[in-house]
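Every number in this text was worked out from the coordinates using simple rules, so none of it is lab data. Just so we're clear, the structure is a prediction, and the values are computed from it rather than from any experiment. As a convention, Cβ positions derive from the backbone with ideal geometry for all residues, glycine included, and neighbour counts pool all protein chains shown.
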Amino acid sequence: MTDLHGASAPRFDAVRAALQRNLDSGEELGASLVVDIDGERAVDLWGGFRDPEHTVPWDEHTITNVWSVTKTVTSLAALMLVDRGDLDVFAPVARYWPEFAANGKQDVLVRHLLSHASGVSGLDQPATVEDLYDTRRTTARLAAQAPWWTPGTASGYHLFTFGHLVGELVRRVSGRSLKRFVAEEIATPLGADFQIGAAEQDWSRIADVVPPPPLLFDLEAMGADSPAVRTLTGPAVSAETANTPGWRAAEIGAANGHGNARSVARILSVLSRGGEVDGVRLLGGKTIDLALAPQTDGTDLVNGLPLRWGIGYALPQRDAVPWIPQGRICFWGGWGGSMIIMDLERRMTIAYIMNRMAPGILGSDRSAAYVRAVYDHLPQKVGG
């Protein structure tokens, strides 16, 4: 039996059992799972291994690349500036970033960036992964591009550009890089072991990601000029890239956050708990309501999923993720199956982070099993 550490309330024995089964079967390599209910860690588990050879255990302080779960922290940074009155989601992006008005983007609003509806979901060709590492040069390229569809009319998942776009707004408004803002205004005040990129002194405790089976997109059938093909190739990024020094040293606010379930849950519980965590207030109630205001609802032009986007977060949609219930909930996941779910009605946050990536676009059989087990064994709702 693979070692599984940490604690869980008896009512969540099924959650622990599901994680243990997947570790024992090899479906999981290493993983961490947290269920925070109004500040109580009802589930706080970790186990398995950092490496496929099973030589280095996944311990309490292991972190890994969390892929697009990073976007949820980047969105929080922007919403904090909204809450302070420094950023208006209904204003044109060009109010804060004048160069962005080029090539017909003068009417793109801040909320369009945060709901993946700006039309700037990738880089025009030529594009390589190394371009993502040069934040200033890439943001300048994005500012100069024409949108690939009419902004605001539909979502098209901003796969790797989300962090550069929103991060540039954070920089223009706050005077600090996204990486620095997250460190100083979010991670440090909350005592959360999370960072955009990863400091070299922390590389020894990172669990490398193990790539999933390849996603089989028929790019020819999609059409070379489709937003999907242009995004998936602008640039194309292999999962193994996350294990390289260049990736870890960069600021990629869409995809190179490093943390674990405990740190991700700590940060995003800000939304679930009404904007305040243990005396640290980051958001007000009106800003949280704004984040849950629907912006788009339909088939995403890039990933093909039926999605409802709020401002910074996806909202429940039965056809996309049937195992997340309806209600006052927002969420998102990372490539390979990691998930972060904020249930505001129950003041509950579910975080699942792992290193063996599963197939699929959003969530996995493993994350579905854990989330279902949580909701099947919930206590009564905590007040509003």
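Scanning the range 43-83 for residues that are of a type in the set (S, T, N, Q) and not in a strand (DSSP E or B), which turns out farthest from residue 293 (Cα to Cα)? Lay out the reasoning, then the answer.
The initial filter retains those residues of the range 43-83 that are of a type in the set (S, T, N, Q), namely 55, 62, 64-65, 68, 70, 72, 74-75.
Next, only the ones that are not in a strand (DSSP E or B) stay: 55, 62, 68, 70, 72, 74-75.
Values: 55: 46, 62: 35, 68: 21, 70: 21, 72: 16, 74: 18, 75: 14 Å.
The selected residue is 55.
Test each condition in (1) farther than 27 Å from residue 117 by Cα; (2) more than 18 Å from the chain's Cα centre (by Cα) for residue 322 and report the one that comes out false.
Condition not satisfied by residue 322: (1).
Residue 331 is checked against (1) aromatic (Phe, Trp, Tyr); (2) farther than 19 Å from residue 67 by Cα; (3) touching a strand residue (DSSP E or B) at 6+ places or on another chain (Cβ under 9 Å) and fails just one. What number does that condition carry?
Result: residue 331 passes all but (2).
Got a number for residues in the range 88-117 being of a type in the set (Ser, Thr, Tyr) and surrounded by fewer than 21 Cβ atoms within 10 Å (Cβ to Cβ)?
Of all residues in the range 88-117, those of a type in the set (Ser, Thr, Tyr) come to 96, 115.
Those left that are additionally surrounded by fewer than 21 Cβ atoms within 10 Å (Cβ to Cβ): 96.
Final tally of qualifying residues: 1.
If you take the residues of the range 9-28 that are touching a helix residue (DSSP H, G or I) at 6+ places or on another chain (Cβ under 8 Å) and either polar (S, T, N, Q) or under 22 Å from residue 213 (Cα atoms) (or both), which of them is surrounded by the fewest Cβ atoms within 10 Å (Cβ to Cβ)?
Looking at the filtered set, the residue picked out is 27.
Name the pairs whose Cβ atoms lie under 6 Å apart, with the first residue in the range 118-130 and surrounded by 22 or more Cβ atoms within 10 Å (Cβ to Cβ), the second aromatic (Phe, Trp, Tyr), and 6 or more positions between them or separate chains?
Close Cβ pairs (under 6 Å, with a partner that is aromatic (Phe, Trp, Tyr)) amount to 119/148; 119/149.
Here's the yes/no breakdown for (1) out of contact with any helix residue (DSSP H, G or I) (no Cβ under 8 Å at 6 or more places or on another chain); (2) farther than 21 Å from residue 303 by Cβ:
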residue	(1), (2)
322	yes, no
338	no, no
343	no, yes
355	yes, yes
358	no, no
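Quick check on the range 84-106: of everything there that is of a type in the set (A, V, I, L, M) and in a helix (DSSP H, G or I), which residue is farthest from residue 331 (Cα to Cα)?
Going through the range 84-106, the residues of a type in the set (A, V, I, L, M) turn out to be 87, 89, 91, 93-94, 101-102.
Remaining after also requiring in a helix (DSSP H, G or I): 93-94, 101-102.
Numbers: 93: 24, 94: 28, 101: 30, 102: 32 Å.
Going through the qualifying residues, I end up with 102.
Output the strands (runs of 3 or more DSSP E) that fall wholly within the range 325-374 and possess 3 or more residues being aliphatic (A, V, I, L, M) and at negative phi, or say none.
Details: elements: 329-333, 339-343, 348-354.
Where strands (runs of 3 or more DSSP E) fall fully within the range 325-374 and carry at least 3 residues being aliphatic (A, V, I, L, M) and at negative phi, they are 339-343, 348-354.
Is it the case, given these coordinates, that residue 159 is buried (at least 17 other Cβ atoms within 10 Å of the Cβ), of a type in the set (A, V, I, L, M) and under 17 Å from residue 237 (Cβ atoms)? Talk me through it step by step, then tell me what you get.
On the way: buried (at least 17 other Cβ atoms within 10 Å of the Cβ): yes; of a type in the set (A, V, I, L, M): yes; under 17 Å from residue 237 (Cβ atoms): yes.
Here the answer is yes, as residue 159 does meet what is asked.
Please give the number of the condition residue 85 fails out of (1) within 23 Å of the chain's Cα centre (by Cα); (2) of a type in the set (Gly, Ala, Ser); (3) surrounded by fewer than 19 Cβ atoms within 10 Å (Cβ to Cβ).
So the condition that residue 85 fails would be (1).
Need pairs with beta-carbon distance below 6 Å; first residue touching a residue at least 12 places away in the same chain (Cβ under 8 Å) and at positive phi and within the range 1-29, second of a type in the set (A, V, I, L, M, F, W, C) and buried (at least 17 other Cβ atoms within 10 Å of the Cβ); sequence gap 6+ or separate chains.
6/45; 6/46
Considering only the range 282-289, I want to know if a residue exists there that is assigned to a helix (DSSP H, G or I) and of a type in the set (Val, Ile, Thr). Walk me through it before giving the result.
Start the filter on the range 282-289 by keeping residues that are assigned to a helix (DSSP H, G or I), which leaves 285-289.
Add one more test, that the residue is of a type in the set (Val, Ile, Thr), and what stays is 287-288.
Yes; the residues of the range 282-289 include at least one that is assigned to a helix (DSSP H, G or I) and of a type in the set (Val, Ile, Thr).
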